[in-house]
Amino acid sequence: MSQKFLNQIAVVTGGCRGIGKSIAIKFAKEGAFVFALDYQIPDENEVFCENAEIAEKIRCVQADVTKFESIEARFNEIVKEKGRIDILVNNAGITRDNLLIRMSETEWDSVLNTNLKGAFVCTKAIARIMMGQRYGRIINIGSVVGSMGNAGQSNYSASKAGLIGFTKSTARELASRNILINLVAPGYVRTPMTDQLSDEQKKIFLNNIPLKRIAEPEDIANVVAFLASEDSSYMTGQVLHVNGGLYL
Ligand code: NDP
């Protein structure tokens, strides 16, 4: 295994399960120390127990991405201990699906708050740190439905489409400080989030995926790692679709 992120410090929001967990493991395997920020903090010895060596390089930290002051405090604690933060992955996200006519304001607000405001909060809190370092890699996790839409997900797709504009604007603002900001837009990935879908919904997705398989979280983590590495040092403000051809 290459050590592309040797001695780097990474923060992954929603990093204790699903896609975020896979990203955290990928970074740790390649040499980084990872802070996995999550709303509900699980027992990290259980979460990352597959490999003791990896578990030593990942720490679960309780945090709510919608609260600026608490996120800023967490980032300051990390910098105090480790000296810097090289990589931020804005991965925390939720769904509250409903058809438009049935969607409550609460369902709309909570999804926009976590998925879009959460990325704003974490990016704003880390911008000053990365500007001081004159180095940073930020990867936002969007979704295929931010580009193609999906019935029953007007709140979720709006939040993910908003992330594209946010990625491009912040990429322009921070490029001069060597802070590169890109977005990975997954298709249908096997995680606790998609476990909630009905068999019928899963079948419809699968029929529309040219590669005829659901993505594993590692398929997404590999592309995130590429965007966090020196291999992509001339890329910023880009959207990378990882969806097996579902959206072309
Ligand atoms: P999961 O539901 O498995 O994990 C989401 C994580 O985000 C959880 O650990 C959750 O923490 C955390 N989280 C939610 N709200 C907050 C908050 N306010 N503060 C901190 N952490 C929070 O989702 P996935 O792994 O499937 O999804 C990860 C990302 O990928 C999301 O942004 C999602 O929209 C996106 N995505 C997923 C796809 C898929 O098919 N799975 C497809 C396209 C995009 P807790 O468990 O404590 O609530």
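The values are calculated or read from the model by the stated rules, or taken from the named source; none is laboratory data. Note that this is a predicted model, so its numbers are computed, not measured. Heads up, the Cβs are rebuilt from the backbone with ideal geometry, glycines too, and the neighbour counts pull from every protein chain shown. Calculation scope for accessible area: heavy atoms of the full protein, side chains included, ligands and nucleic acids excluded. Shrake-Rupley method; radii C 1.70, N 1.55, O 1.52, S 1.80 Å.
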_Given (1) of a type in the set (Gly, Ala, Ser); (2) surrounded by fewer than 16 Cβ atoms within 10 Å (Cβ to Cβ); (3) within 12 Å of the ligand (Cβ to nearest atom), index of the condition Ala151 fails_ = (3)
*Asn182 versus (1) surrounded by 15 or more Cβ atoms within 10 Å (Cβ to Cβ); (2) within 13 Å of the ligand (Cβ to nearest atom); (3) of a type in the set (S, T, N, Q): which is the lone unmet condition?*
(2)
*asked:* With the structure loaded, tell me whether Ile58 is open to solvent by 10 Å² or more (accessible area, probe 1.4 Å) and either of a type in the set (Val, Ile, Thr) or in contact with a helix residue (DSSP H, G or I) (Cβ under 7 Å, 6 or more places away or on another chain) (or both) or whether it fails that test.
replied: no
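Among the listed residues Phe5, Phe48, which satisfies the condition of being at pLDDT below 95, more than 8 Å from the ligand (Cβ to nearest atom), of a type in the set (Phe, Trp, Tyr) and under 19 Å from the mean Cα position of the chain (by Cα)?
Numbers: Phe5 fails: at pLDDT below 95.
It is Phe48.
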*Which one of these does Gly162 not meet: (1) within 16 Å of the ligand (Cβ to nearest atom); (2) under 15 Å from the mean Cα position of the chain (by Cα); (3) free of Cβ contacts under 8 Å to residues at least 24 places away in the same chain?*
(3)
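Could you run through segment 81-102 and say how many residues are closer than 21 Å to Ile179 by Cβ and away from the ligand (no atom under 11 Å from the Cβ)? Give the steps one after another, and end with the answer.
The first filter runs over segment 81-102 and keeps only residues closer than 21 Å to Ile179 by Cβ, leaving 82-92.
Checking the rest, the ones that are also away from the ligand (no atom under 11 Å from the Cβ) come to 82-88.
Result for segment 81-102: 7.
Quick check: anything in segment 11-34 under 25 Å from Ser143 (Cα atoms), in contact (Cβ under 8 Å) with a residue 12 or more places away in the chain and surrounded by fewer than 17 Cβ atoms within 10 Å (Cβ to Cβ)? Can you show your working first?
Of the residues in segment 11-34, the ones under 25 Å from Ser143 (Cα atoms) are 11-28, 34.
Within this subset, residues satisfying the condition of being in contact (Cβ under 8 Å) with a residue 12 or more places away in the chain are 11-28, 34.
After this cut, where a residue has to be surrounded by fewer than 17 Cβ atoms within 10 Å (Cβ to Cβ) as well, the list is none.
Checked segment 11-34: no residue is under 25 Å from Ser143 (Cα atoms), in contact (Cβ under 8 Å) with a residue 12 or more places away in the chain and surrounded by fewer than 17 Cβ atoms within 10 Å (Cβ to Cβ).
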_Please pick out the residue among Glu173, Glu218, Glu200 that is surrounded by fewer than 20 Cβ atoms within 10 Å (Cβ to Cβ), touching a helix residue (DSSP H, G or I) at 6+ places or on another chain (Cβ under 6 Å) and not hydrophobic (A, V, I, L, M, F, W, C)._
Glu218
*Residues of segment 95-129 being open to solvent by 50 Å² or more (accessible area, probe 1.4 Å) and closer than 30 Å to Phe27 by Cα, which ones?*
Arg96, Asn113, Lys117, Phe120, Lys124, Arg128
*With the condition kept exactly as written, say whether any residue in segment 35-53 is among the hydrophobic types (A, V, I, L, M, F, W, C), over 29 Å from Asn243 (Cβ atoms) and in contact with a Lys or Arg (Cβ under 6 Å, 6 or more places away or on another chain).*
no
*Output the number of the condition that Leu37 fails; it satisfies all remaining conditions of (1) out of contact with any Ser or Thr (no Cβ under 6 Å at 6 or more places or on another chain); (2) open to solvent by less than 30 Å² (accessible area, probe 1.4 Å); (3) not β-branched (Val, Ile, Thr).*
(1)
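Counting just the residues of segment 67-94 that are among the polar types (S, T, N, Q) and surrounded by 19 or more Cβ atoms within 10 Å (Cβ to Cβ), which one comes out farthest from Gly136 (Cα to Cα)? If you could, list the steps in order and put the result at the bottom.
In the first step, residues of segment 67-94 are kept if they are among the polar types (S, T, N, Q); the result is 70, 76, 90-91.
Next, only the ones that are surrounded by 19 or more Cβ atoms within 10 Å (Cβ to Cβ) stay: 90-91.
Details: Asn90: 13, Asn91: 16 Å.
Restricting to residues being among the polar types (S, T, N, Q) and surrounded by 19 or more Cβ atoms within 10 Å (Cβ to Cβ), the top hit is Asn91.
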*Identify all residues within segment 185-197 that are more than 18 Å from Gly142 (Cβ to Cβ) and either among the aliphatic types (A, V, I, L, M) or surrounded by 20 or more Cβ atoms within 10 Å (Cβ to Cβ) (or both); write none if there are none.*
Leu197
